[in-house]
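Read through the structure below, which is laid out as structure tokens, and then see the notes.
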Amino acid sequence: MKVTVKYFGLVAEATEKSEEVMELKGELTAIALKEQCLKGLTITDKDSVQIAVNQNLDDSITIKDGDEIALLPPFAGG
Amino acid sequence: MDRKKPKKVFVQGAIPPEKIANSVANHQSKTNIGAHSIFLGQIRADEVDGKTVIAIDYTAYEEMAEKVFHEIREAAFAKFDITCAHIYHSLGKVNVGELCLFVFTSSAHRKIAIEATNFFVEEIKAKVPVFGKEIFEDETHQWKVNK
């Protein structure tokens, strides 16, 4: 299955891209996908990064074909 | 006020101070209002390890942010007896001393407006996917984290 992964803030800086299409195999939860995406990146506090699946922050969701994934570092609005 | 309609929150660059005056002026015809409460977020020249912040460059997951702003509005209207509410947040570069957040609520009475504004600000800081790159005078940067 294919998903679009969007990167923001320090995650986009670490990946050096703002988004990419990823080919995934097998059943995967959001938290597992987050770990897979962050592996190898130089991010000090990986636990502070949240994953959104179709704009939903529940990381127990199972990823489906066509999902829009976003990796979100700590919020800093205001 | 049409409170159900999603409103455009993001503005490019700093929020001009004139926008605050204009917003107040736009509400003078609404005579059921007895109190406005305004919060203005301004970029602070923080010092970190001897370097001074000169600007914050804001980015956002815009589609999700607009959705969350709308949910916060709905929650605020359910919780507080406010007449109207407006939120504006900057995207892109905002220099120190300039405004990056403008929350404006109106109600018949002051306490409700003040509490509603506080609710908006806290919810926005906690829940909206906005990211801030703090730029120092030597062009290095660090990523802002809300406390």
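The values are calculated or read from the model by the stated rules, or taken from the named source; none is laboratory data. Treat the numbers as computed from the prediction; the structure is a model and nothing was measured. Positions of Cβ are backbone-derived with ideal geometry, glycine not excepted, and every protein chain shown enters the neighbour counts. Just the protein is used for accessible areas: all its heavy atoms, side chains included, with ligands, DNA and RNA removed. Shrake-Rupley method; radii C 1.70, N 1.55, O 1.52, S 1.80 Å.
Normalised by residue count, the protein assembly as shown yields a Cα convex hull volume of 131 Å³ per residue.
Accessible surface ranking for B:R73, B:R44, 1.4 angstrom probe, highest first: B:R44, B:R73. Take every DSSP beta bridge whose two residues both sit in the protein assembly as shown; close to 85 percent of them are antiparallel. Accessible surface of the range B:10-143, 1.4 Å probe: 48 percent of it comes from carbon and sulfur atoms. The angle separating the long axis of helix B:62-79 from the principal Cα axis of greatest extent in chain B is about 40 degrees. Just need log10 I(q)/I(0) for the range B:10-143 at q = 0.16, 0.22 Å⁻¹, Debye formula, equal scatterers on the alpha-carbon atoms, no solvent, rounded to two decimals. After summing over all Cα pairs, the log10 values are -0.84, -1.28.
Considering only B:N118, B:T59, B:H36, the residue lying farthest towards the positive end of the dipole of chain B is B:H36, judged by Cα position with unit charges set on Cβ.
For the range A:2-72, what does the alpha-carbon gyration tensor say about shape, rounded, prolate or oblate, given a ≥ b ≥ c as the root eigenvalues, a/c under 1.5 as rounded, and a/b over b/c as prolate?
prolate
For chain B, modelled as a GNM whose springs connect Cα atoms under 10 angstrom apart, the maximal fluctuation among B:T31, B:T52, B:T105 occurs at B:T31. Expressed to the nearest 5 percent, the antiparallel share of DSSP beta bridges inside the range B:10-143 is 90 percent. Take the residue pairs B:K67/B:K125; B:K93/B:K147; A:K17/B:K93; A:K17/B:K8; B:K51/B:K127; A:K25/B:K133 and return only those whose Cα atoms are more than 25 Å apart. From the list (B:K67/B:K125; B:K93/B:K147; A:K17/B:K93; A:K17/B:K8; B:K51/B:K127; A:K25/B:K133), the Cα-Cα distance tops 25 Å for A:K17/B:K8; B:K51/B:K127; A:K25/B:K133. Taking Cα centre as origin and charging only the Cβ of basic (Lys, Arg, +1) and acidic (Asp, Glu, -1) residues, the dipole magnitude of the range B:1-125 rounds to 500 debye. Rounded to the nearest 5, what % of DSSP beta bridges with both residues in chain A are antiparallel? Once the DSSP bridges in chain A are tallied, antiparallel ones form about 75 percent.
For a straight C-alpha distance cut-off of 19 angstrom, the aspartates and glutamates reachable from A:K46 (same-chain residues fewer than eight places away being disregarded) are A:E13, A:E16, A:E19, A:E35, A:D58, A:D59. Compared with the dominant Cα axis of chain B, that is its longest principal axis, helix B:17-26 is turned about 10°.
Counting only protein heavy atoms and rolling a 1.4 Å probe, how much accessible area do B and A lose on contact, total for both sides, in Å² to 100?
Using a 1.4 Å probe on protein heavy atoms, the buried area is about 1700 Å².
The Rg/Rh ratio for the range B:49-95, using Cα coordinates for both the radius of gyration and the Kirkwood hydrodynamic radius, is 1.16. Charging the Cβ of each Asp and Glu at -1 and of each Lys and Arg at +1, and nothing else, the dipole of the protein assembly as shown about its Cα centre rounds to 980 debye. For the range B:5-41, the residues whose amide N sits under 20 Å from a probe point set 7 Å from the Cα of A:E68 along the beta carbon direction are B:5-12. Simple point charges give the picture: +1 on the Cβ of Lys and Arg, -1 on the Cβ of Asp and Glu, and for the range B:68-137 a dipole about the Cα centre of about 80 debye.
Couplings for the range B:108-118, taken from phi via the Karplus curve 6.51 cos²θ - 1.76 cosθ + 1.60 with θ = phi - 60°, read 5, 10, 5, 4, 5, 5, 5, 5, 5, 4, 4 Hz in order; Gly and Pro are left as x. Between the C-alpha center of the range B:69-147 and that of the range B:25-45 there is a gap of 13 Å. Excluding ligands, DNA and RNA, the accessible surface per residue across the protein assembly as shown is 52 Å² with a 1.4 Å probe.
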